[in-house]
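Let me begin by presenting the structure, written as structure tokens, before commenting on it.
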Amino acid sequence: MTLLGLNIILPIIALLTSFISNRLLQKFVIIISSFALVIDNLFILLSPATSLELITILDGYTIGLFSDKLTALYALMISTLYFSTNLYSFFFLQLQNHTELHHDINPRIHFFFMPIAIMASLCIAYSANLLSLFVFYEILTLSTYPLVIQSFSDHARRAGRTYMITLLGSSLVFLVFALIFLDQNYNMAANELFKSNGIFNTSNLPPKDAIILLICFVFGFSKTAIFPFHKWLPQAMVAPIPVSALLHAVAVVKSGIFALVKVFIYLFGMDYLKALHQEIPWSLDWITLLACFTIIYAGIMACRQESMKKILAYSTISQLSYMIVFLSLTSGTTFTLSFLQILSHSIAKITLFFSVGIIYVATKRSEVNEMQGLIRIMPIPVILFILSALSIMGLPPSIGWLLKNLIFQTIKCDNWINSLVTTCFIISSLMGCYYFFRPIYKMLSPISSIDKPNIGYNTCSITWVTTLTYSLAILLFAYFEDIINITHIFFKK
Amino acid sequence: MLHQLPILQILIPLVSGLLTFLLPSRLSWLISLLSMAIATLISFSVFNFVLNSAEPLYYNLGGWASNVGIEYKIDPLSSFFILFICLISIFNIFSMKDLVSYEIDPKKHSLFFGIMLIAITGLLGVCISNDIFNIYVMLEINAIASYALVASGKKTESAKAGFNYLIFGTIGSTMILFGIGFIYAVTGSLNLTIISNLMPRMLDNDAIKAGASLIIFGILMKAALFPFGKFLVSIYQGAPSFISSILASTSNKVAIYLLIRLFFSVFKFHKYSFQYLDIALLLFSVIAIFTCSVKAYKQTNIKKFFAYSSLSQIGFIVFALALASETSLTGLLIYCFTHALEKTVLFLASGYLILSMNNDEELGSFAGIVKKYPLISVLIVINLLSNIGIPMTAGFVGKWLLLKASFATALFFVLIIIFAGLFSFAYAFKFIDLILFKSQNDEPIISAVNAKSCVWGISLITALNIYIGVNNQYIINITHQISQLILK
């Protein structure tokens with residue numbers, strides 16, 4: 001119980017440090033608290049399931065947390081990446097003080113709102129009912145807005161406006177409607193605690209209402225960047241690299257996906273969705289089709305981008321829809337795939353962002369055309385970039401390759417929708433190869449000595465952090481079978 | 001002594017109001033604070049008594065029988081509003097002390113506070129009276145005192161606003177008076193209980209219909225519902241901020257009280273026929289919510305911004321009134337209270353900031369004010385969030401009950417409320433963004449303002465707001481009980 005409470009207390013301690021003037025002490029406290037967060041979530045993973053009631057906002061409407069193996073594993077990933085992003089941010093800040101960057105960190109805003117955002121995403125993972133999920137989801141949106149606009153340029157403000165309108169608008173309209181719908185028609189279902197096999201069964205939720213709710217949730221959790229609500233993500237790339245890396249590759253977008261996972265598994269229940277899918281195929285097939293469209297569309301857009309961060313953003317949109325596809329196929333094994341995709345994509349994407357950040361801070365290069373011959377100058381970031389790009393593309397030797405294998409083994413082409421999904425994945429992988437091949441080709445190609453970029457700064461420390469982060473992927477690679485087993489056991493029960 | 005308590009709660013402000021005229025100016029703030037504190041205590045005990053007793057409390061003024069003289073009636077509804085007005089007034093009076101000394105000549109303090117106490121007396125009188133003509137008289141007492149209060153500021157706009165308020169307020173009052181005339185001509189009585197007993201037989205009478213519509217029109221002007229109460233925007237802008245605060249938080253709520261009283265216990269529209277009145281009210285409230293939100297978004301003057309925000313919130317309140325269900329009335333009563341808390345803080349805080357910016361009311365000059373005034377900015381942000389209805393603030397309770405009530409009526413209404421919430425989010429967020437995350441090119445000239453009482457007062461009200469946000473069982477229970485009684 002206290003372990004769950006620490007997920008709120010530790011980030012609050014970290015944000016309080018932005019009021020102290022001693023920079024060294026601030027760094028120390030932030031690093032210790034984020035490390036403690038990792039240990040805390042590790043303990044939650046190892047200890048049996050617990051729950052914690054936080055606050056009652058209306059009679060019978062409680063905000064609370066609960067943990068089980070699945071959520072704890074996800075939270076452990078978030079907190080670990082938060083720890084490494086903190087280290088990265090400090091080194092990034094040091095380098096930034098020597099250079100003139102366009103997207104720079106504003107330390108006061110950054111270290112005040114980042115812990116709130118992380119607290120909110122951890123609480124989304126652990127939320128005990130739909131109401132808490134909604135509340136923390138909105139806190140996450142509100143707290144990341146200042147992080148996006150922290151450079152205060154006109155460009156950032158415009159991005160911030162799109163960010164708020166899309167995320168808040170969609171969630172307020174669709175999620176509030178879903179909440180009041182559940183509350184009125186299913187008496188307190190909004191407050192009913194999530195169960196690992198779902199609250200509903202075929203007798204208490206008619207298909208018509210389930211479809212309405214599915215529409216509300218798929219569009220309401222627009223942090224998943226599904227098609228009509230995807231515009232905010234590429235625009236949000238005006239944020240500094242550490243923010244884009246942690247939030248717009250991991251915490252925010254994965255919170256959207258994980259919120260959907262929570263709703264699918266803990267609210268509806270796998271058995272219910274499976275029955276619904278069999279009864280009315282279109283009730284879930286439209287989600288599959290929309291997600292497939294998003295995969296292809298975002299892939300095409302990624303191929304057309306010139307800026308590295310934009311490529312990564314569109315690649316993220318495409319990869320996020322993979323997870324939605326797995327969810328909408330409604331079987332225990334595809335749910336496992338979705339979860340594994342969350343883990344592997346998070347680590348690979350954050351490493352990609354980190355390496356792009358190192359390149360940017362050292363050489364001020366952020367366009368694909370400017371990547372010429374970087375392998376000679378900064379070999380380690382380039383190698384890290386290539387390794388994690390391989391993981392996204394699904395090529396060996398990487399975690400992504402194992403996962404792609406598993407995907408093609410699992411999804412049998414026995415009906416048209418599965419065949420469509422498989423085709424879509426193949427096309428998307430090919431497009432992934434193309435849009436990552438362009439910068440990699442440039443990086444590996446030789447340069448004349450004239451336009452050789454000069455690096456005046458020691459990027460050693462920041463590179464170490466990135467390497468360490470990528471080593472998580474190797475861990476994941478080594479323990480792949482174990483993680484599959486954990487999730488399998490969870491979904492089979 | 002005990003059976004005189006009902007009258008004491010309005011006599012004490014009245015007498016101490018007159019007393020402040022006679023006593024030295026430096027005592028007047030203390031006297032008004034003390035008298036309102038006593039009135040609050042009395043009204044609290046009366047409220048507790050009335051809530052637990054089956055019958056309402058009747059009090060015949062001067063011992064005259066109710067069919068001849070003036071009768072006062074205290075039922076849970078009126079007692080709730082009396083307590084609410086006393087509480088909000090005491091918060092306002094406590095917080096305005098230092099702001100008043102900047103805005104008003106020290107010699108005139110006794111006059112100012114005296115008039116204010118009389119204005120509050122008028123509001124309390126409206127709530128307590130069971131006699132429709134006496135209600136009119138009390139409204140006029142409040143209105144005339146308010147004209148003087150609005151005109152009391154140093155700015156020239158203040159006098160202009162006072163004059164505007166006089167003109168429009170008189171139009172509203174005249175409407176009400178005409179309406180009362182019609183009703184008196186038909187029923188032959190001014191007592192609300194007698195009128196309501198006669199009502200079932202007289203619903204088809206055209207004179208009653210004309211009278212009721214005139215009265216409702218007049219009250220809607222006082223309640224600041226958008227098309228009727230638009231003139232109030234310039235008045236909130238012109239008046240000193242602490243007066244805008246007291247006007248926006250109490251006098252329009254009393255008009256709402258009067259609407260509830262007339263609708264549900266006199267004309268009994270929920271039992272007989274609404275005669276398209278509910279549809280008209282719904283329509284006007286929706287227009288008010290959306291138009292005022294858009295206008296608030298476009299404003300460049302901070303006080304007009306809050307004024308339009310207030311008007312759009314009144315739209316929500318009238319919407320809840322028109323739904324006329326148990327949940328919606330519960331929501332309405334809580335909404336009235338929390339909206340009064342929010343607007344008190346917002347207007348007082350804006351007054352404090354305007355004063356420190358050397359009377360600069362342009363929104364642009366408040367960019368990045370958080371660096372200079374962190375506490376005030378945080379308080380403004382919390383109250384704007386409460387205004388939107390974010391969970392864990394008091395505003396959420398009313399909004400949630402309103403959503404529930406509209407869901408029970410029609411799905412369409414839910415969408416209206418959700419979109420209305422989005423609109424109010426838009427303008428509130430524009431302001432939050434301005435004060436937290438924008439910075440100015442040239443540093444504004446800031447003069448030091450010593451207004452400790454204002455800071456303490458608004459912090460206290462915000463704390464109360466958050467307390468209600470997380471611990472609202474008591475207030476929901478009592479308002480639910482009251483709304484059951486209203487609809488009985």
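Here are the numbers:
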read-out	value
Sites B:Ala280 and B:Ile7 - FRET efficiency at Förster radius 51 Å, r taken between beta-carbons, to 0.05	0.85
Virtual spin-label span in nm between B:Lys155 and B:Tyr184, 7 Å along Cα→Cβ	4.0
Cα gyration tensor shape of segment B:21-180, rounded if a/c is under 1.5, else prolate or oblate by comparing a/b with b/c	oblate
Positive-pole candidate from A:Ser47, A:Leu76, A:Gly357, dipole of the protein assembly as shown, charges at beta carbon	A:Gly357
Segment B:388-462: relative contact order in percent, alpha carbon pairs under 8 Å with at least 6 residues between	20
Using θ = phi - 60° and Karplus 6.51 cos²θ - 1.76 cosθ + 1.60, couplings along segment A:277-292 (whole Hz; Gly, Pro as x)	4, 6, 6, 10, x, 5, 4, 10, 5, 5, 5, 4, 5, 4, 5, 4
About the Cα centre, charge dipole magnitude for chain B (Lys/Arg +1, Asp/Glu -1 at Cβ), debye	340
Leading residue at positive end of dipole, the protein assembly as shown (Cβ point charges), from B:Ser78, B:Phe178, B:Phe429	B:Phe429
Net length gained if the chain between A:Ile211 and A:Arg157 were fully extended (0.36 nm per residue, minus Cα distance)	15.8 nm
Relative contact order of segment B:26-154, defined on C-alpha pairs under 8 angstrom at six or more residues apart (%)	28
Long-range amide H partners of A:Leu54 with built H, under 5 Å	A:Ile63, A:Gly64, A:Leu65
Projected label distance in nm at B:Asn67 and B:Thr174, using a 7 Å step from Cα toward the beta-carbon	3.5
The protein assembly as shown: Cα Rg divided by the 2.2 N^0.38 Å rule of thumb	1.05
Calculated log₁₀ intensity ratio I(q)/I(0) where the Debye formula runs over C-alpha points of segment A:1-42, q = 0.26, 0.27 Å⁻¹	-0.82, -0.86
Backbone HN-Hα couplings from phi across segment B:135-144 [Karplus 6.51/-1.76/1.60, Hz, Gly and Pro as x]	4, 4, 4, 5, 4, 5, 4, 4, 5, 5
J(HN,Hα) series, segment B:363-377, from Karplus relation 6.51 cos²θ - 1.76 cosθ + 1.60, nearest Hz, glycine and proline x	4, x, 6, 8, 4, x, 5, 4, 5, 8, 10, x, 5, 4, 5
Dipole of chain A, positive end: most advanced residue of A:Asn204, A:Gln341, A:Tyr297 [Cβ charges, Cα centre]	A:Tyr297
Rg ratio (alpha-carbon, reference 2.2 N^0.38 Å) - segment A:261-409	1.21
Centroid-to-centroid separation of segment B:1-33 and segment A:129-164 [C-alpha atoms, Å]	51
Chain B: relative contact order in percent, alpha carbon pairs under 8 Å with at least 6 residues between	15
For segment A:243-339, size of Cβ-based charge dipole, Lys and Arg +1, Asp and Glu -1, in debye	340
Centre separation in Å (Cα based) which lies between segment A:256-290 and segment B:146-187	60
Solvent exposure ordering (accessible area, 1.4 Å, most first) of B:Ile12, B:Ile128	B:Ile12, B:Ile128
Peptide-level mean, for B:247-258, of C-beta atoms on other protein chains within 10 Å	0
Given charges at beta-carbon only (K, R positive; D, E negative), |dipole| of segment A:194-311 in Debye	380
Shape call, segment B:133-208: gyration tensor on alpha carbons, a/c limit 1.5	prolate
Average beta-carbon neighbours from other chains, 10 Å sphere, peptide A:357-368	0
Cα centroid of segment B:327-387 to Cα centroid of segment B:441-483, whole Å	9
Cross-link reach list, lysines versus B:Lys343, counting only Cα pairs under 18 Å and skipping chain neighbours closer than eight places	B:Lys97, B:Lys222, B:Lys230, B:Lys253, B:Lys295, B:Lys303, B:Lys304, B:Lys399, B:Lys430
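The values are calculated or read from the model by the stated rules, or taken from the named source; none is laboratory data. Keep in mind that what you see is a predicted model, and the values were worked out from it rather than measured. All Cβ positions, glycine included, derive from the backbone under ideal geometry; neighbour counts span all protein chains shown. Keep in mind that these areas ignore ligands, DNA and RNA; they rest on the heavy atoms of the full protein, side chains included. Shrake-Rupley method; radii C 1.70, N 1.55, O 1.52, S 1.80 Å.
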